[in-house]
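One structure below.
The values are calculated or read from the model by the stated rules, or taken from the named source; none is laboratory data. Fair warning: this is a prediction, and the values are worked out from it, not measured in the lab. Counting neighbours? That spans all protein chains shown, and the Cβs are built from the backbone with ideal geometry, glycine included.
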Amino acid sequence: MRRIYSTNENLGAIDIELTNSHMGYSSLSILRNDFHNILIWKLESFGVAIQYAHVVTNIETKEPGQAVVHFQNGVQITADVPIGADGRIAACARRYVYDDNAHLYQGLINWIGVYESEAGYLEEIAVADYWGVGERFGIVPVTKHKAYWAGGVACADIGQRNPAEYKAELVSIFADWPQPVQMMIARTPVERINKIYVHDHDPIQTWHKHNLIVIGDAAHAPLPTSGQGSLPIA
Ligand SMILES: Cc1cc2nc3c(=O)[nH]c(=O)nc-3n(C[C@H](O)[C@H](O)[C@H](O)COP(=O)(O)OP(=O)(O)OC[C@H]3O[C@@H](n4cnc5c(N)ncnc54)[C@H](O)[C@@H]3O)c2cc1C
């Protein structure tokens, strides 16, 4: 993983093979889409039927301490252990466990995108993390012709999101940045770019109530700048 200043000066590198050997397993860069497909394929191989278009509206407790999950379409379910994985924004499961699911804006915009092109290619499979002042651009190659990337900018207030403008916004902010950054922006179609006003929430001490547990971002949402992940709370 290379860290590079926005003017292309080298700031240093971390050998991911070394951290892999310390951890005892390899890290893997994968597109979320591909990861989802692997999970779906695995579930289907177990014969699990996935029910789409079920929006949770509320979770309540039925005596003696059993969570009942209500969906917008009128369905309601109970289970031995319901698992709430409804993310960092206003998660119903988090509200059930903690009574509060307020998400907090952290003064950071991230434009994220997927670059896929046979034309341009990345010279090495190495994460490149470009740093400016209050600005950052990270590129994570998956192959020499495919990468996901994120351009980040500190921004105090939440503003507009207009997908038609995303590319022009990036071109303007990262105009003088090194060539790989330019290549990502220029060669990513606008429909594969998203703009996120990044939120997290305060840590909570307990990740369950009665028989329902919260996992993932609903329990502990990392910022893309910190990667603090899910440290256990004593
Ligand atoms: C800008 C940004 C960049 C990131 N980059 C990386 C990265 O490079 N690598 C990495 O490992 N992590 C990254 N992360 C973190 C990573 O995206 C999250 O940790 C991860 O997606 C959490 O997965 P999750 O399943 O808990 O929540 P989510 O991925 O948020 O999934 C929650 C799901 O629940 C659904 N949902 C919400 N409410 C309801 C409801 N009421 N009823 C039914 N469904 C509902 C949502 O539609 C969504 O599909 C990034 C995060 C951000 C914000």
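Take the residues in the stretch 200-215 that are within 16 Å of the ligand (Cβ to nearest atom) and at pLDDT 95 or above; name whichever of them is surrounded by the fewest Cβ atoms within 10 Å (Cβ to Cβ). So, considering only residues that are within 16 Å of the ligand (Cβ to nearest atom) and at pLDDT 95 or above, the one surrounded by the fewest Cβ atoms within 10 Å (Cβ to Cβ) is I215.
For the stretch 125-145, check the following and say yes or no: at least one residue is within 14 Å of the ligand (Cβ to nearest atom), surrounded by fewer than 20 Cβ atoms within 10 Å (Cβ to Cβ), farther than 21 Å from D34 by Cβ and of a type outside the set (K, R). There is at least one residue in the stretch 125-145 that is within 14 Å of the ligand (Cβ to nearest atom), surrounded by fewer than 20 Cβ atoms within 10 Å (Cβ to Cβ), farther than 21 Å from D34 by Cβ and of a type outside the set (K, R). Considering D86, D100, the condition of being more than 15 Å from the ligand (Cβ to nearest atom), within 24 Å of Y197 (Cα to Cα) and either under 23 Å from the mean Cα position of the chain (by Cα) or surrounded by 10 or more Cβ atoms within 10 Å (Cβ to Cβ) (or both) is satisfied by D100 alone. Residues in the stretch 159-170 that are under 21 Å from the mean Cα position of the chain (by Cα) and surrounded by fewer than 12 Cβ atoms within 10 Å (Cβ to Cβ): G159, Q160, N162, P163.
Considering each of N37, N58 in turn, give the residue that is touching a residue at least 12 places away in the same chain (Cβ under 8 Å), surrounded by 11 or more Cβ atoms within 10 Å (Cβ to Cβ) and of a type outside the set (F, W, Y). Break it down stepwise before answering.
Values: N37 fails: touching a residue at least 12 places away in the same chain (Cβ under 8 Å).
Going through N37, N58 in turn, just one is touching a residue at least 12 places away in the same chain (Cβ under 8 Å), surrounded by 11 or more Cβ atoms within 10 Å (Cβ to Cβ) and of a type outside the set (F, W, Y): N58.
For the stretch 171-226, give me the residue count where each residue is part of a loop (DSSP other than H, G, I, E, B), among the polar types (S, T, N, Q) and over 20 Å from the mean Cα position of the chain (by Cα). Show your work before the answer.
Of the residues in the stretch 171-226, the ones part of a loop (DSSP other than H, G, I, E, B) are 174-178, 188-189, 201-207, 210-211, 215, 219-226.
If we keep only those that are among the polar types (S, T, N, Q) too, we end up with 188, 205-206, 211, 225-226.
Now narrow it down to the ones that are over 20 Å from the mean Cα position of the chain (by Cα): 205-206, 211.
Of the residues in that region, 3 qualify.
Contact annotation: residue pairs with Cβ atoms under 7 Å, 6 or more positions apart or on different chains, pairing a residue in the stretch 82-95 that is free of Cβ contacts under 8 Å to residues at least 24 places away in the same chain with a partner that is more than 6 Å from the ligand (Cβ to nearest atom), are A90/N101; A90/H103.
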